[in-house]
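Participant: One structure, pasted below without further comment.
Nothing in this text is a laboratory measurement; each read-out follows from the coordinates by a stated rule. Not measured: the values here are computed from a predicted model. Note that each Cβ is placed from the backbone with ideal geometry, even for glycine, and that neighbours are counted across all protein chains shown.
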Ligand SMILES: NC(=O)C1=CN([C@@H]2O[C@H](COP(=O)(O)OP(=O)(O)OC[C@H]3O[C@@H](n4cnc5c(N)ncnc54)[C@H](OP(=O)(O)O)[C@@H]3O)[C@@H](O)[C@H]2O)C=CC1
Ligand SMILES: O=C1OC[C@@H](O)[C@H](O)[C@H]1O
């Protein structure tokens, strides 16, 4: 008989920045009252800051973690904690390879923020280590686990718009300034090459996510894509605007993934001006509206119904007690279920798909002449790398 007790996943949070705070608050929501989830739950066991233990302490207070949660002043201490089941890597992309490898080497399950790494070779090495250590490993593309994504994938598979031959997806931030900048300081992770900055690895990955989850993910026989890219470089050397055409010739399908720090997807911040994602099948279309990382509406326009439009809206549930909900808890629930069930990778975002997406982004950046420093592109693990010790 199935147990009524939810499976508990114990988390260690690596880094204390913006997304660490947001994700941890989602972890701390009540799954039952927030989103009607009763089979899994989450516990925040510890958080670590590479800057100081005090920063980790302040972080735990800020997110209202239970008083039992431990604060560490180093990533090494975090990955050595035997009470932790899974490490959430929430550092800039520049650090993901070294930080995720530190955790995998220690035998921990890992959920690593997007973009998974800076290079495809780094991503392959992480997957190899996850296999060697027999642990769960997943790229934290939260969009894949949101109900709207699941529904859109189901709709496509049901054949309601026929075979999908083209997807156009955009995530652009509209930060153009009169002085020619894109509003981020040159040292900010969005544009700083030392932190693997640039529109593609940070935002364009969501446009690619829609291209991939609506086409490549659903291919029965996987086909390697061809890639053509146009890249506009920012004065820091990172990309400020990147447009990629991904082609699967045998499937007769093409995806166009767009991203820009200058232009916005829509005229307002909610991107309601038009569909951010347009999925075109031979029998109709699906339009998805809202920022590609967390869109809240789709429309199905069926050719066989004379263009009749069905509109479906979604919302992000909140924990009534915490007055909080960002929509990252669904990916956390996926980690818990996979680990409970002994799975090492998620079916919604298999390792192979993360690797192919990294290859596409690497190729696009190569075509655009974007390069990153050796410290962050090496695929040789170094536990004492400044990226792991925080000695900047
Ligand atoms: N899924 C999503 O919706 C989002 C995902 N992200 C992803 O999360 C990652 C982190 O982004 P975000 O939280 O916005 O970044 P922040 O700059 O807010 O935080 C990054 C944290 O990483 C740690 N860190 C370690 N070394 C450095 C360094 N040299 N420079 C800066 N920080 C360092 C710091 O924590 P400490 O000092 O405590 O070690 C810092 O607080 C990125 O890869 C990004 O793509 C970001 C936003 C949204
Ligand atoms: O992943 C992300 O999604 C939301 C954006 O605000 C952020 O810059 C990006 O990293």
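Participant: Viscosity 1.306 mPa s, temperature 10 °C: what is the translational diffusion coefficient of segment 280-337 from Stokes-Einstein with a Kirkwood Rh over Cα pairs, rounded to a whole number of µm²/s?
Facilitator: 116 µm²/s
Participant: Sorted from fewest to most neighbouring beta carbons within 10 Å, what does the list 96, 188, 76 look like?
Facilitator: 188, 76, 96
Participant: What length, rounded to one decimal in nm, is gained on full extension from residue 282 through to residue 352, with 0.36 nm per residue of separation minus their alpha-carbon distance?
Facilitator: Values: separation 70, 0.36 × 70 = 25.20 nm, distance 2.80 nm.
Result: 22.4 nm gained on full extension.
Participant: Using the count of nearby Cβ atoms within 10 Å as a rough guide to exposure, how do 309, 277 rank from fewest to most?
Facilitator: Numbers: 309 12, 277 25.
Fewest-to-most Cβ neighbours within 10 Å comes out as 309, 277.
Participant: Taking every DSSP beta bridge that has both residues in the chain, what percent is antiparallel when rounded to the nearest 5?
Facilitator: Among the beta bridges of the chain, antiparallel pairing accounts for roughly 55 percent.
Participant: Between rounded, prolate and oblate, where does segment 69-138 land on the alpha carbon gyration tensor, with a ≥ b ≥ c its root eigenvalues, rounded for a/c under 1.5, else prolate if a/b exceeds b/c?
Facilitator: Oblate shape, in that a/c is at least 1.5 and b/c is the bigger or equal ratio.
Participant: May I pose another question? Please state the relative contact order of the chain as a whole percent: Cα pairs under 8 Å, 6+ residues apart?
Facilitator: Contact order relative to length: 20 percent.
Participant: How would you classify segment 104-177 from its alpha-carbon gyration tensor, with a ≥ b ≥ c the square roots of the eigenvalues: rounded for a/c under 1.5, else prolate if a/b is greater than b/c, otherwise oblate?
Facilitator: oblate
Participant: How many percent of all Cα-Cα pairs in the chain sit more than 29 Å apart? Mind dumping the intermediate values first?
Facilitator: Numbers: 32764 of 76636 pairs.
Tail fraction, whole percent: 43.
Participant: Right, here's the next one. Can you give me the relative contact order of segment 258-335 as a percent, contacts being Cα pairs under 8 Å and 6 or more apart?
Facilitator: 16 percent
Participant: Using the Kirkwood formula over every pair of different C-alpha atoms, what hydrodynamic radius in Å results for segment 227-303?
Facilitator: Numbers: mean 1/r = 0.0705 Å⁻¹.
Hydrodynamic radius (Kirkwood, Cα pairs) of segment 227-303 is 14.2 Å.
Participant: Take every Cα pair under 8 Å in segment 1-101 that's 6+ residues apart, average their separations, divide by the length, and report that relative contact order as a whole percent.
Facilitator: Answer for segment 1-101 is 35 percent.
Participant: Can I ask one more? If neighbour count is taken as other Cβ atoms inside 10 Å, put 287, 38 in order from fewest to most.
Facilitator: The order, fewest Cβ neighbours first, is 38, 287.
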